[in-house]
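Please treat every number below as a calculation from the coordinates, not as lab data. Source: prediction; values computed, not measured. In this analysis, Cβ positions are derived from the backbone assuming ideal geometry, glycine residues included, and neighbour counts consider all displayed protein chains.
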Amino acid sequence: MLHSRHMTRPEMPTNARAAAIEALERAVGAAHVLHAPEDLIVYEYDATIDRALPDAVVFPATAEEVAAVVRAANAHDLPVVPRGSGTGLSGGAVPVKGGVVVVLTRMNRIVEVDAANRIAVVEPGVINLALQETLAPLGLTWAPDPSSQRICTIGGNVANNSGGPHTLAHGSTVNHVLGLEVVLADGRIVHLGGRVADAPGVDLRGLVVGSEGTLGIVTQATLRLVPTPRAVRTMLAIFDTIDAACEAVSAIIRGGVIPVALEMLDQEIIRAVEPRIHAGFPLDAGAVLLIEIEGLAEAVAVEAEAVIEACRASGAREVRSADTQSERDRLWEGRKSGIGAIGAVTPAFYILDGVVPRTLLPVVMRRILARSAEYGFRCANIFHAGDGNLHPNILFDPQESGAIQRVLDLGGEIMRICVDAGGSITGEHGIGLEKRSYMEWIFTPADLAAMADVRSAFDDAGRFNPCKVLPGGHGCATGHADEVARHLATPGVYI
Amino acid sequence: MTATDDHLMTTDARLAALRHAVPSDTERSPHAYSIDGVEPAVAFSPAHAQEIAALLRAADEAGLVVVPQGGRTALNLGRPLERHDVALDTHGLARIVEYVPDDLTLTVEAGIHLDALQQTLGEHGQYLPIDPPPDDGVSIGGLLATARSGAWRGHLPAARDLLLGAVVALPSGELAGSGGRVVKNVSGYDLHRLHTGALGAFGVIVQASFKVAPLPTATRTLAVRAQTLAEAGVLALRLWNAGLAVRALSVLAPEAAERAGLDGTPTVLVELAGLDVAVDRSAEIVREAARALSRSAEEPAGAPWERLRRLHGDRAATVVRLGVPATAVAEAVEAVRAAGCRSWGHIASGAVIGHAPHLDAAVVERLRAFAAERGGFVQVEAGSRALRAAADPFGPHEVDLVRLLKVRFDARGTLNRGRWMEGV
Ligand SMILES: Cc1cc2nc3c(=O)[nH]c(=O)nc-3n(C[C@H](O)[C@H](O)[C@H](O)COP(=O)(O)OP(=O)(O)OC[C@H]3O[C@@H](n4cnc5c(N)ncnc54)[C@H](O)[C@@H]3O)c2cc1C
């Protein structure tokens, strides 16, 4: 999405590299190891800005093979970077220090669906949508529904604690993972959590979910499923301004009816999406809210009334209800294609992920739009408004000199606006590589030291996904983000 | 100070070092703080998080074992403590730090009691949607440290899933936070999840942020008497799949039903919650489902849920909690009953509770084998010191990582030593 920035690092000596590759080939079979430069290039990036070449890429088929890869990496002192589909938006799967990228996509079996108990057991390479398609005829879903669900893996969802529109009602991925099989940095295979919620013992499952591949490699996940709802009402509230739409979000939450999804698309997005998808978003609207309510039919009707009332009171021009399944699907298609559609209207864009208290949504959006205008960038917004989870997308032309630097500057400022509002620097995309430098804005040195202790308890050598999540780290490349972070730091402002 | 110096210090010198570290007006008489009949040498009730951190650091340096206690409702959960030198009473930390009703978010100090908190939230039409045992005096810190939940779990989130962030005092004397105050956040490691259910093994929770929920406008409880537990199980599973506006759905063995103030028969007890229309419609569905089995659904008198919660939280009895998949709940209720317990189970969470005056370790192990065959587990939630020494209260879990974490956070075993396992 954004043009690349290469991270450089010292080359490995040729004979050491050859020995390491031989060991990896023993672990997974020569057919499942890539090491030619032209093959490695494909694995140097994810969906963000930074790039770095791995020394080798392996495709294990079992947990035992993953463990063997980890042991080989230990023996040859190579970093290990797990990878699903590479759709991550924080540089999490980029092998900053080289080493072995462990691609989990061959482990793509749905091992078991126990519909009566609402449990599924899957391998990490299963694609989110493939699981949903298996579950749908059984009247079940796995709640996490990131917009990238057509391509992202369950392993990636677990590692990033991913969210989606329905996170508002159901919570992030961590609420939907009962147990994990994990390969640790010492090559041990352990089982955390179980098949039933609230297993005794320290909740290591909850710690590993969201750890972005730094604490362990997930080789199997036991998932908690939810039944598909009896009745669903999907509505489209149309506003003249994004400001009014933000006010409506605050009013809905304040009113005590919490929809299962409450998504915002602004005019930039509508104009990118509508000509392609024909979802029914009016081209002249300042913003629309996509609102979904589910439950018993009787209750859905009453709650819909409350939501419509809150929208009207905040100045909605119109509130439409989708009457048929196909209308509903089209609205959601419009939402889920939003990010992709931006690509068609700009040479490049940079997606941000911040969170603010929902009551502050209107003022924060005003600040972000004003700042973007001052920089001279267009800013397109499509986000999980009900959770206060913003996704400003900065549109720009990478051919323009200095554009990337200025985009990063503005990105940093927008993050800073979120933090100053009492919010967070990521609601679902993770810290990865990209936001490490901002961690010091929201955590004290003592907070970060405690996190570093956890990491060293799991992986003393720091072999798993180095230079991710926590700031600093020996030999971790410092990019422009570090300068932005330092420049915008306000001592003493921590949440 | 090294471990060798530690041996040389007299008890008096250690206590003096501790007293030096915290304000004298926070010291309490140790008599009120015994656990398993063991009285601590000293007790403190600090009023600020920094005082707790300072106390932990001083105790750590002096080689004293600290046992944090809030509502003192779950102190016989876990193995018997190896030592109990210092009681740390968290009552002094009971402030609401920030409550923004319009954001449905809340930050509190850990010593505040759940019932007091619910009252404040209730004034704004909101609540923290969790119902842990026992029904009185649960502090927020204790609630998180034990991660216990009640009948609502599975229909509503567990405490760990409502927790947005926390601040924890560490034996190093540091205050370390994680998460934040917004409802969605994936920045950094979720250390607050690590501390939830850790029984204070790694630190003392001093502050916590939650997502709260609007109170349901209506609630209604219905009870259906069944012929057998198996029949109750069938009905309960049907109701679980009926899309009800439901907050609790439980199967009760006859003895538990009686203690809940109901007739002494196998019973399905359901609590509906939501909008009036949703509760009305759900009640119709429950009645129809009961009728299909030639049974009837009645609104019971009394307060069956409160009584069950009290039974679950009974400190004087032996209480076990099994976790099994939903379809095994009725069968597990029967097995726990056959083991001599009053038993009942919650369909959505798979939690099956057994309450007995006393249980043998062998019985606990038998139930553990029963649960394990079904992919589940057993936790001893309360019991005599002897039982908790003889039967592992938790059963098998990943111990190596827990030890490694313990070494990082509490290398000298200052906190709750022995509660999880030897040295931890
Ligand atoms: C168009 C688009 C829309 C998106 N929409 C959303 C959205 O709505 N919500 C959202 O939350 N995210 C969204 N994302 C981000 C991304 O899709 C998610 O983070 C997703 O979960 C990543 O899955 P992946 O398989 O691509 O993981 P990757 O990108 O391959 O990896 C992501 C991270 O997980 C680690 N990892 C991967 N697999 C494992 C494993 N098995 N064990 C341990 N660690 C592992 C990697 O090391 C890396 O740190 C979007 C991305 C795009 C491109």
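For region A:110-227, state the semi-axes of the equivalent ellipsoid (square roots of 5 times the eigenvalues of the alpha-carbon gyration tensor), sorted largest first and rounded to whole angstrom.
21, 15, 13
Quick check for you: which residues of region A:83-106 have the amide N under 18 Å from the point 7 Å beyond the Cα of A:Ile41 toward its beta carbon?
Only A:95 pass the distance filter.
Radius of gyration and Dmax for region A:337-383's Cα atoms, expressed in Å?
Values for region A:337-383 (Cα only, Rg and Dmax): 11.9, 34 Å.
To make sure I understand the rule: partners must be lysines, Cα under 22 Å from the Cα of B:Lys184, and not fewer than 8 residues away in the same chain. Which ones qualify?
A:Lys336, A:Lys435, A:Lys468, B:Lys211
In the P(r) worked out for the protein assembly as shown, what percent of Cα pairs fall beyond 45 Å?
27
What three numbers, in Å, describe the spread of the alpha carbons of region A:181-252 along their principal axes, ordered from the longest?
That gives 57, 31, 21 Å along the principal axes, largest extent first.
As a test of understanding, state the convex hull volume per residue of region A:342-489 from its alpha carbons, in Å³. Intermediate results must be reported in sequence, preceding the final value.
On the way: hull volume 18.9 nm³, N = 148.
Dividing the Cα hull volume of region A:342-489 by its residue count gives 127 Å³.
Can you give the log10 of the normalised intensity I(q)/I(0) at q = 0.13, 0.17, 0.22, 0.24 Å⁻¹, computed with Debye over equal Cα scatterers of region A:54-142?
Debye intensities relative to I(0), on a log10 scale: -0.53, -0.77, -1.02, -1.12.
May I ask you to give the average projected area over all directions of the convex hull of the Cα atoms of region B:91-149, in nm² rounded to one decimal?
Average of the hull's projected areas for region B:91-149 equals 3.8 nm².
How much length would be gained if the chain were fully extended between A:Glu318 and A:Arg150, taking 0.36 nm per residue of separation minus their Cα-Cα distance, in nm to one decimal?
Gain in length upon complete extension: 57.3 nm.
Rg over Rh of chain A, using C-alpha atoms and the Kirkwood radius, what does it come to?
Radius of gyration relative to Kirkwood radius: 0.97.
Find the relative contact order for chain B and round it to a whole percent, using C-alpha pairs within less than 8 Å whose residues are 6+ positions apart.
17
Would you mind calculating the gained length between B:Arg238 and B:Glu98 on full extension (0.36 nm times residue separation, minus the Cα-Cα distance), in nm to one decimal?
46.2 nm
What percent of all Cα-Cα pairs in region B:327-424 falls into each 5 Å bin, going from 0 up to the bin containing the maximum distance?
Values per bin, smallest distances first: 2, 12, 21, 20, 16, 12, 10, 5, 2.
Can you run the Rg to Rh ratio on region A:1-160? Use alpha carbon positions and the Kirkwood inverse-distance Rh. Walk me through the numbers before you get to the answer.
Details: Rg = 17.0 Å, Rh = 16.6 Å.
My calculation of the ratio gives 1.02.
Using the Kirkwood radius built from alpha carbon pairs, what does the Stokes-Einstein equation give as D for region B:367-424 at 37 °C and 0.692 mPa s, in µm² per second?
Answer, rounded: 256 µm²/s.
Taking Cα pairs under 8 Å and at least six residues apart, what relative contact order does region A:14-103 come out at, in percent?
It rounds to 35 percent for region A:14-103.
Take region A:231-326, drop everything but the C-alpha atoms, weight them equally and run the Debye formula without solvent; then report log10 I(q)/I(0) at 0.18, 0.20, 0.24 Å⁻¹ to two decimals.
-0.76, -0.92, -1.24
If I take R0 = 60 Å and measure r between the Cβ atoms of A:Glu133 and A:Glu400 in this structure, what FRET efficiency does the formula 1/(1 + (r/R0)^6) give, to the nearest 0.05?
The value I calculate is 0.90.
Roughly how tilted is helix B:49-62, in degrees to the nearest 10 and between 0 and 90, from the longest Cα axis of chain B?
60
Taking only the C-alpha atoms, wrap a convex hull around region A:14-103 and report its volume per residue in Å³ as a whole number.
84
Which FRET efficiency value, to the nearest 0.05, is calculated for B:Glu82 and B:Gln227 with the Förster distance at 45 angstrom and r the Cβ-Cβ distance?
Details: r = 50 Å, r/R0 = 1.10.
It comes to 0.35.
Normalised by the empirical 2.2 N^0.38 Å for globular proteins, what value does the Cα Rg of region A:304-361 take?
With N residues counted in region A:304-361, Rg over 2.2 N^0.38 Å equals 1.52.
Could you give P(r) for region B:96-214, binned at 10 Å from zero, as whole percent values over all Cα-Cα pairs?
Reading upward from the zero bin: 14, 50, 32, 4, 0.
Kindly provide log₁₀ I(q)/I(0) values, in the same order as q = 0.12, 0.19, 0.20, 0.23 Å⁻¹, from the Debye equation applied to equal alpha-carbon scatterers of region B:297-362.
Once normalised to I(0) and log-transformed, intensities are -0.32, -0.76, -0.82, -1.01.
Kindly provide the pair-distance distribution of region A:212-284 built from C-alpha pairs, with 10 Å bins from 0 and whole-percent values in order of increasing distance.
Result returned by the calculation: 13, 31, 24, 24, 8.
Taking a label point 7 Å from the Cα of B:Asp263 along the Cα→Cβ vector, which residues of region B:277-296 have an amide N closer than 15 Å to it?
Zone members listed by number: B:290-291, B:293-296.
With the convex hull built on the Cα atoms of chain B, state its orientation-averaged projected area in nm².
20.2
When you take every Cα atom in region B:217-389, what is the radius of gyration, and what is Dmax, the widest Cα pair distance, in Å?
In Å, with Rg to one decimal and Dmax whole: 15.8, 51.
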